[in-house]
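Each remark here refers to the structure printed beneath this line.
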Amino acid sequence: MSALEVRGLSKAYGGVQAVRDVSFSVDAGEVVALIGPNGAGKTTCFNLLNGQLRPDSGEIALAGRSVVGLRPHQVWRLGVGRTFQVTATFSSMTVRENVQVALLSHHRKLFSLGKPAGRFQVEEADALLARVGMQQQAARPCAVLAYGDLKRVELAVALANRPRLLLMDEPTAGMASDERQALMQLAAALARSERIAVLFTEHDMEVVFNFASRIIVLHGGEVIAAGAPDEVRANPRVREVYLGNA
Amino acid sequence: MLEARRLSAGYGAARVLFDVELAVGRGEVVALLGRNGAGKSTTLKALMGLIRPFSGEVHFDGRRVDAWEPYEVARAGLGYVPEDRRIFTDLTVAENLEVGRQPPREATPAWSPEKLFELFPALRTLQGRRAAHLSGGEQQMLCIARTLAGNPKAILLDEPSEGLAPILVEQVGKAILELKRAGVCVLLSEQNLSFARRVADRSYMLEQGRMRQAYAD
Amino acid sequence: MSGSAVLLQFLNGLAGASSLFLVAAGLSLIFGVSRIVNFAHGSLYMLGMYLAVSLSGTLGFWLSVPLAAALVAAAGLVIETTLLRRIYKAPELLQLLATFALVLIIRDAALWAWGPEDRLGPRAPGLAGAVAIAGRQFPQYDLLLICLGPAVFIALYLLLSRTRWGTRVRAASQDREMAAALGVNERRLFTAVFALGALLAGFGGASAIPREPASLQIDLAVMSDAFVVVVVGGLGSIPGAFLAALLIGEVKAFCIGLGYSELTLAIEFIVMAVVLVFRPWGLLGRPLAETRGPGTLQPPLPAPSFLLLGGLAVLLAIVPVFAGPYTIVLLTDILVFALFAASLHLLMGPGGMPSFGHAAYFGLGAYTAGLLLLRAHLPMELSLALAPLAAALGALVFGWFCVQLSGVYLAMLTLAFAQIAWSVAFQWDRLTGGSNGLIGVWPAPWLSSKQAYYYLTLVLCLGAVALLWRLIDSPFGYALRAGRDSPLRAAAIGIDVRAQQWAAFGIAGLFAGVAGALYAFSKGSISPETLSVPRSVDGLVMVLLGGVQTLSGPLWGAALFTWLEDSLSRGVEYWRAAIGAVILVLVIAFPRGIFK
């Protein structure tokens, strides 16, 4: 059984068919890239997967369990972590507190009026930060972090829930080339060691071809190619609409 | 044409740029390289007057402009294409161009709608469409076209290739070379080295808000 | 109701809709461009009325209307260039505060210039009579008004969609910085738009004088009408405002026509609540894009200092030893309002929900306490204990609707609910005593001395504040803040943001109810003012003065505001204007709160 199984997913809004009959699957431990021109439906796809949008038709199953119709916070409980194209962290909190909130949520303590949140599972939070190399900055406010570091914090937050599936929307946008490689190396290593299925979108073809074990190409809301990197690179249709002659 | 002298700038109390020096001559395409957070966008914003420099000077077309309002700088003939496009999505394509329109200038290429559509053929058929309904690539084209409608002497392009499909990056590169041929000088910020190398005559390198090196291509 | 009566009410509704549209269009236009919700828009309307009444004495009606409108536009020009221009970059709520200060100042200015009596305007010469429509008399002038609304709508529509200026206005509404970078002089554009909005408001006021007298209370009434219209129509949408004005105008007219005139006070707010629940951005509105500007990063919230609170408690406990009764009563008030402000802060600060109707829960607490004592004959202690529960329940009911929205829309919905609560209290004579309110709400004998009651208030209020602070520091408080900092991220880590916000509403209502009940027993009487819009605004002023980014700010803000109001209202004739002036100075000098 795949960690993520998508069958016949469709979504239209504003009179545009944003996603049309999309099917694919991602296995545990696998790193899969979802690429395509701007407006091809990648972000819509992600928003459908984590419950921000509701599909018009189609099925999404996490380890065999349907998640269609669930809201994002419910999807998360089933083991889906997400990083955003523009980093989203809690800017009024420190790096550690960001992770602590995720841990509180994991342990279903969001409505607890008990002991201060800042004292909750400090070691666990720091251990998660250590895994993404952010333990030195645990006490810094998120508002002052460099962009690449924020991406790492997002990763640590996503890991707090021991996810089965990690959705990364343009994880390396806005980073310099060496930072890109480092972040993706980290994600790929985590995928392997924790058996996490990773699905990411990306415009940097170097990153895509270096780290994806499989590539799915969207165009006009439809899957036009899918397969191993070399097959996709050689696909004439993909070259025409997306890769060009680069 | 455009020159920064010992330019320091930032946001609130946070200083991002430290004594940056750069110059772009007539007809030149110059790239400003550096990683995220190095201060590339801040440099362009400070040149445009969108943030007030802490100290230093900005000269444009023989005049000192660092105390000017952004609209005054724009009217003096400096165009600005922001990183995240920022087209007016509520307006149609034609209206977007209308907002950017300024009277023609002496000794500067004038961009009639006809010439703009020659440069960006995709926009011709989309004039009546609301900009919100354009694809990402079309939005990027519109954003450059909108700035050109002001008949600028020089334009600042903030990461024009960021977030674009490879095939669109090629098109933007062609457009920049087209501008150079027309005699518009260009200062672009980039992280994509190969793209910068392809379009720029020479480059500057920013590192943590300081100018590290300048080299010819 | 006969067919002809229906037709007449329908025409009445249309005439009312025209005036509503003029004000609302200006408000919407100003909001669209500057993102400032201009509280003072009703005041500009009022100014238009008074000016037209005065001018018509010498110039005659037909000349006085355009001249009054032009004078109001000029006033708008002065306001924009001297005040608003300085605060475009300040936080949204402080901008609101500044425009509310203008309301106070303009009202006292009108009081000074025209006196407290209503001023009746002349009939419109040439249109003073009535025409027979379906066998009934209908004022000729109202027919003119009916045409005025659509005429102004078409003119505005053409101006915005067909002229270069209009295109620029629309561009700047969306992204003013980008418009500037393309050579648009945004400052001049903003000034012009504000003056145009003021012109419309002034015109609306001036053209209404044959229908109703100019009065000092009309500013807030028109302001809340215009808010409702703009929110129902969709913020920034002129066609939406037009549609909503028609809807509200007709609904109101038929309420009167059908003999439910008491309902008119609340009906528009009920319509608004219904519309917002089904169309969260109004009839023709779209979700508000984040306005472009410096980042909206939230600064960290400092940890609560219970040491400070303890020190304060000790200090306040020894005050009665040397202070006179007057000081003790003032301190009791300050404590009550400190708790009121602290409960509002939970929503506004960590919750990120600007509540414009927090007095509703304060008032619910007060009225419940009074009613339990007087009507159910419960002991005072039990009434005091049960009242907050009623307030919490009310907050949960209202809050359920409110948390479906965010930002300005949420604020307006809270305002709407508070207005509904107020009109119930105001009109349900048999239960609430109507406009007279309840009297004889006195504490139990052992608390009857001012000192004893002060100590009770001290213990309950500071205890409640300590609980609130503790709560903000708890996992619940962090999850609430997480939802404010980044709703997207919060949902992506399993936080049900709305549930968190809803619970916060209930808790804030509970504590506001405690404050309200304490207030009722300290005064011995309750009037509908306890839950009126100005009282809600008082709470906002307190929180914002103290600084929403701090925990103790609301306490200092409440102390300063209560003391200021107390001393100014005794010593200064135009004390409202004085408070307004103080607020303006503070907003301009300390755009992030004073106690920062």
| In whole Hz, what ³J(HN,Hα) sequence does the range C:131-146 give by Karplus (6.51, -1.76, 1.60; θ = phi - 60°), x for Gly and Pro? | 10, 8, 10, 6, x, 10, 8, 10, x, 4, 4, 5, 5, 4, 4, 4
| message | Tell me the accessible surface of C:Trp575 in square angstrom (1.4 angstrom probe, heavy atoms of protein chains only), to the nearest ten. | response | 60 Å²
| note | In whole percent, the Cα-Cα distances of the range C:539-596 spread across 10 Å bins from 0 upward as 26, 52, 20, 1
| task | Return the distance in nm (one decimal) between the two label points of a simple spin-label model at C:Trp165 and C:Tyr260, each offset 7 Å from Cα along Cα→Cβ. | result | 4.4 nm
| task | Please report the orientation-averaged projected area of the range C:115-257, defined via the convex hull of its C-alpha atoms, in nm². | result | 11.2 nm²
| task | Of the DSSP beta bridges with both residues in chain B, give the percent that are antiparallel, rounding to the nearest 5. | result | 55 percent
| message | Using a 1.4 Å probe and counting only protein heavy atoms, how much accessible surface gets buried when C and B come together, both sides summed, in Å² to the nearest 100? | response | 2200 Å²
| field | Square roots of 5 times each gyration tensor eigenvalue, C-alpha, the range C:1-95, largest first, Å | value | 31, 22, 8
| task | Against the globular-protein guess of 2.2 N^0.38 Å, express the Cα radius of gyration of the protein assembly as shown as a ratio, rounded to two decimals. | result | 1.00
| remark: Heavy-atom accessible area of B:His133, protein chains in place, probe 1.4 angstrom, given in Å² to nearest 10, is 110 Å²
| task | Principal axes first, then extents: for the Cα atoms of chain A, list largest minus smallest coordinate on each axis, whole Å, largest first. | result | 58, 39, 34
| request: Report the relative contact order of chain B, percent, no decimals, based on alpha-carbon pairs under 8 angstrom and at least 6 residues apart. | output: 30 percent
| request: Might you tell me the accessible area per residue for the protein assembly as shown, computed with a 1.4 Å probe and given in Å²? | output: 38 Å²
| message | For the range C:129-177 and the range A:112-191, what is the centre-to-centre distance using only Cα atoms, to the nearest Å? | response | 55 Å
| Can you give the relative contact order of chain C as a percent, counting alpha carbon pairs under 8 Å and 6+ residues apart? | 20 percent
| Given the protein assembly as shown, what percent of its DSSP beta bridges are antiparallel, to the nearest 5? | 60 percent
| task | Considering only protein heavy atoms, with the full assembly of protein chains and a 1.4 angstrom probe, order C:Cys147, A:Cys45 by accessible area, largest first. | result | C:Cys147, A:Cys45
| task | Go through the range C:342-357 residue by residue and turn each phi into a ³J(HN,Hα) via Karplus (6.51, -1.76, 1.60, θ = phi - 60°); whole Hz please, and just put x for glycine and proline. | result | 5, 6, 5, 4, 4, 6, 6, x, x, x, x, 10, x, 9, 9, x
| task | Can you tell me the 0 to 90 degree angle between the C-alpha axis of helix B:136-148 and the longest principal axis of chain B, rounded to 10? | result | 70 degrees
| remark: Under 5 Å from the placed amide H of B:Gly56, counting only residues 5+ away or on other chains, we find B:Ser8
| field | the protein assembly as shown: calculated mean residue ellipticity at 222 nm from DSSP helix runs of at least 4, using -39500 (n - 2.57) | value | -17500 deg cm²/dmol
| Tell me, what does the Kirkwood hydrodynamic radius of the range C:3-278 come to in angstroms if you use every pair of distinct C-alpha atoms? | 19.1 Å
| remark: Taking Lys and Arg as +1 and Asp and Glu as -1, residues besides C:Leu410 with C-beta under 15 Å from its C-beta add up to +2
| query | What is the projected area of the convex hull of the Cα atoms of the range C:55-134, averaged over all directions, in nm²? | reply | 8.7 nm²
| Equivalent ellipsoid semi-axes, chain B, via Cα gyration tensor eigenvalues times 5, rooted, Å | 27, 19, 17
| request: Quick one, can you get me the convex hull of the C-alpha atoms of the range A:112-196 expressed as volume per residue in Å³? | output: 116 Å³
| field | Amide H contacts under 5 Å for A:Arg214, placed H, 5+ residues apart | value | A:Val31, A:Ala33
| task | With a 1.4 Å probe on protein heavy atoms only, tell me which residues of the range C:183-227 lose at least 50 Å² of accessible surface in the complex relative to the chain by itself. | result | C:Gly183, C:Asn185
| message | What whole-number volume per residue, in cubic angstrom, does the convex hull of the C-alpha atoms of chain C give? | response | 154 Å³
| Near the amide H of A:Ala225, under 5 Å away, which other amide H atoms are found, from residues 5 or more places off or on another chain, if H is placed in the peptide plane? | A:Val217
| message | How many Å² of accessible surface get buried when A and B come together, counting both sides, probe radius 1.4 Å, rounded to the nearest 100? | response | 1200 Å²
| query | Along the Cα-to-Cβ line of C:Val319, 7 Å from the Cα, sits a label point; which residues in the range C:443-469 have backbone N less than 15 Å from it? | reply | C:450-463
| request: Put one equal scatterer on each alpha carbon of the range A:174-217, apply the Debye formula with no solvent term, and list log10 I(q)/I(0) at q = 0.18, 0.23, 0.26 1/Å to two decimals. | output: -0.52, -0.83, -1.02
| remark: Long-range share for the range C:323-532, i.e. C-alpha pairs more than 22 Å apart as a percent of all pairs, stands at 48 percent
| Counting alpha carbon pairs within less than 8 Å and at least 6 residues apart, what relative contact order, in whole percent, applies to the range A:85-161? | 49 percent
| query | What quantity of accessible surface, computed with a 1.4 Å probe and excluding non-protein components, is buried in total between chains C and A, in Å² to the nearest 100? | reply | 2800 Å²
| request: Please report, as a whole percent, how much of the solvent-accessible surface of the protein assembly as shown comes from carbon and sulfur atoms (probe radius 1.4 Å). | output: 59 percent
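The values are calculated or read from the model by the stated rules, or taken from the named source; none is laboratory data. Fair warning: this is a prediction, and the values are worked out from it, not measured in the lab. All Cβ positions, glycine included, derive from the backbone under ideal geometry; neighbour counts span all protein chains shown. Side chains are part of the model used for accessible areas, which takes the heavy atoms of the whole protein and leaves out ligands, DNA and RNA. Shrake-Rupley method; radii C 1.70, N 1.55, O 1.52, S 1.80 Å.
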